[in-house]
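The values are calculated or read from the model by the stated rules, or taken from the named source; none is laboratory data. Just so you know, these numbers come straight off a predicted model, no measurement behind them. As a convention, Cβ positions derive from the backbone with ideal geometry for all residues, glycine included, and neighbour counts pool all protein chains shown.
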Amino acid sequence: MKKFGIHTKIYFGEDALSRLSQLKYQTAIVITDPFVVKSGMIDLITAPLKKGGVSYTVFSDVVPDPPMDKVVEGVKAVLSTKPECIVAVGGGSAMDSAKAIREFASRIISGYSPYLIAIPTTSGTGSEVTSFAVISDNVKKEKLPLVAPSLTPEEAILDEVLVKSVPADITADTGMDVFTHALEAYVSLDNNEFSAALAEKAIEIIGMFLLRSYLDNNDVHARRKMHVASCLAGLAFNSANLGLNHGMAHQLGANFHVPHGRANAILLPHIIRFNSDIDVHSKSKTEYLPAVRKYCTAARTLGVQAFNEVNTVNTLCMWVEFMMKEMNIPLRLSEMLSISKEEYFAQIPQMAKKALADGCTKTNPRTPTLHDIEEIYKNLW
Ligand SMILES: NC(=O)c1ccc[n+]([C@@H]2O[C@H](COP(=O)([O-])OP(=O)(O)OC[C@H]3O[C@@H](n4cnc5c(N)ncnc54)[C@H](O)[C@@H]3O)[C@@H](O)[C@H]2O)c1
Ligand SMILES: [Fe+2]
């Protein structure tokens with residue numbers, strides 16, 4: 001038996017932030033990162049809260065790839081005021097921090113479970129609707145994906161006014177994260193008709209609007225569409241899980257602080273080739289691996305279908321590489337990391353072990369061996 005449900009109520013479209021003036025709560029804590037406060041974006045959150053008569057405090061110490069000690073600080077901040085509601089504002093790092101903070105705070109005080117509203121300021125992780133939170137252990141150099149239904153926010157607010165300021169490089173990285181979510185959910189072993197519908201729509205929007213969104217911050221229509229696509233892809237992978245791409249990307253983030261979406265983008269052509277067992281040298285066959293049919297549908301949705309499976313999968317990889325070049329994302333790790341090839345290769349065995357054990361890898365459509373993963377890491381250099 002399979003189950004599909006959407007726990008999170010989603011408010012979206014023009015003036016969606018006015019939802020914050022309608023809350024039935026009197027007290028809140030806003031959990032966010034320093035950028036949101038320094039840029040003044042916080043006013044867009046606090047003004048409707050004030051209008052609705054909510055008194056609030058602000059915890060703004062979130063850092064990218066949130067480490068456990070910052071989560072502990074956040075738990076202390078929440079427990080010092082015990083607000084009825086947590087408003088998480090920021091990219092995946094702020095939303096994941098708030099999700100983990102709420103989880104630990106409610107485990108410490110039994111019966112205390114503040115309402116969680118997630119407000120993304122990047123169009124990337126889909127964390128506003130997922131039961132995942134990725135926390136970093138900087139000592140062990142590990143990313144720990146926490147997974148529990150209780151992590152899922154009760155509400156998400158998608159207001160494109162918050163993503164207008166996202167600079168081009170972050171639009172590129174987070175946009176490729178959205179695409180990876182949609183494609184991995186689409187080919188995942190746990191995919192189903194509901195997750196597939198969400199993933200297909202996300203892929204269609206990305207094909208039409210990611211580049212527009214990258215090229216022009218003021219293209220509000222494109223930014224609104226990408227904000228919705230991010231959430232659709234989040235809903236898709238919340239149901240279908242992800243795959244080897246994320247399993248391997250987590251290790252690049254934990255070891256070298258490669259931005260999450262950028263790590264996914266660099267891996268993606270390699271993972272498509274691995275999952276399909278197709279590369280530029282392949283000849284056509286009578287039977288293909290299961291992911292091939294899905295990759296062909298994704299390519300058709302993007303408008304890059306070619307005349308047979310081999311060519312279509314290769315064209316899909318070329319589309320990913322084209323997008324990376326257009327958006328100035330390096331195609332190879334050597335162009336990005338300031339370490340030597342030897343230093344990078346020395347990390348591969350431990351990264352491969354962790355990628356194989358990563359929770360995302362188990363739903364990859366083709367089961368990798370440790371050796372397969374090591375080879376893919378080598379090919380990224
Ligand atoms: N929970 C999930 O389901 C899930 C899924 C994928 C990734 N993640 C995690 O999310 C994190 C990445 O999140 P992210 O890619 O959104 O980046 P992020 O939250 O780490 O933010 C990256 C940078 O962008 C800045 N920023 C955010 N919004 C901005 C805006 N509107 N204008 C200008 N700058 C802005 C931030 O201040 C920060 O410096 C990683 O830790 C990743 O592992 C979680
Ligand atoms: Fe991701």
**Report entry** Subset of region 288-306 that is under 16 Å from F274 (Cβ atoms) and without any contact (Cβ under 8 Å) to a residue 40 or more places away in the chain - its residue that is farthest from the chain's Cα centre (by Cα)
**Finding:** Y288
Query raised in the report: With (1) at pLDDT 95 or above; (2) in a strand (DSSP E or B); (3) small (G, A, S) as the list, and S150 as the residue in question, which single condition is left unmet?
Result: (2)
Query - Looking only at region 119-141, and only at residues there that are surrounded by fewer than 22 Cβ atoms within 10 Å (Cβ to Cβ) and modelled with pLDDT under 95, the one that is nearest to ligand 2 (Cβ to nearest atom) - result: I135
Query raised in the report: Just for region 162-212: of the residues that are acidic (D, E) and in a helix (DSSP H, G or I), which one is nearest to ligand 2 (Cβ to nearest atom)?
Result: D177
Query - Failed item in (1) assigned by TED's automatic domain parsing to the domain that holds D69; (2) buried (at least 24 other Cβ atoms within 10 Å of the Cβ), with T174 passing the rest - result: (1)
Report summary line: Exception for V139 within (1) within 9 Å of ligand 1 (Cβ to nearest atom); (2) free of Cβ contacts under 8 Å to residues at least 12 places away in the same chain; (3) β-branched (V, I, T) falls at (1)
**Report entry** Among (1) surrounded by fewer than 19 Cβ atoms within 10 Å (Cβ to Cβ); (2) assigned to a loop (DSSP other than H, G, I, E, B); (3) not aromatic (F, W, Y), the one test that P368 misses
**Finding:** (1)
Report task. Being in contact with a Ser or Thr (Cβ under 8 Å, 6 or more places away or on another chain), over 14 Å from E142 (Cα atoms) and part of a helix (DSSP H, G or I) is the filter here, so list the residues in region 345-365 that pass it. Result -> T363
**Report entry** Looking only at region 1-30, and only at residues there that are out of contact with any Leu (no Cβ under 9 Å at 6 or more places or on another chain) and assigned to a helix (DSSP H, G or I), the one that is surrounded by the fewest Cβ atoms within 10 Å (Cβ to Cβ)
**Finding:** Q22
**Report entry** Residues located in region 286-308, provided they are part of a helix (DSSP H, G or I), charged (D, E, K, R) and surrounded by fewer than 20 Cβ atoms within 10 Å (Cβ to Cβ)
**Finding:** R293, R300
**Report entry** Count of residues meeting criterion [closer than 22 Å to P83 by Cβ and either in contact with a Phe, Trp or Tyr (Cβ under 6 Å, 6 or more places away or on another chain) or more than 6 Å from ligand 1 (Cβ to nearest atom) (or both)] in region 108-128
**Finding:** 14
Query raised in the report: What about L144, is it in contact with a strand residue (DSSP E or B) (Cβ under 8 Å, 6 or more places away or on another chain), at pLDDT below 95 and more than 16 Å from R262 (Cβ to Cβ)?
Result: yes
Query raised in the report: In region 252-272, is there at least one residue being among the polar types (S, T, N, Q) and within 18 Å of K141 (Cβ to Cβ)?
Result: yes
**Report entry** Near pairs, Cβ below 6 angstrom, 6+ apart or cross-chain, from region 242-269 (of a type in the set (F, W, Y)) to any residue that is more than 9 Å from ligand 1 (Cβ to nearest atom)
**Finding:** F256/L337
Query raised in the report: Which fully enclosed helices (runs of 4 or more DSSP H) of region 31-101 have 1 or more residues being more than 9 Å from ligand 1 (Cβ to nearest atom), in contact (Cβ under 8 Å) with a residue 60 or more places away in the chain and surrounded by fewer than 23 Cβ atoms within 10 Å (Cβ to Cβ)?
Result: 42-51, 68-81
Report task. Determine whether region 254-271 contains at least one residue that is on the phi > 0 side of the Ramachandran plot and more than 16 Å from ligand 2 (Cβ to nearest atom). Result -> no
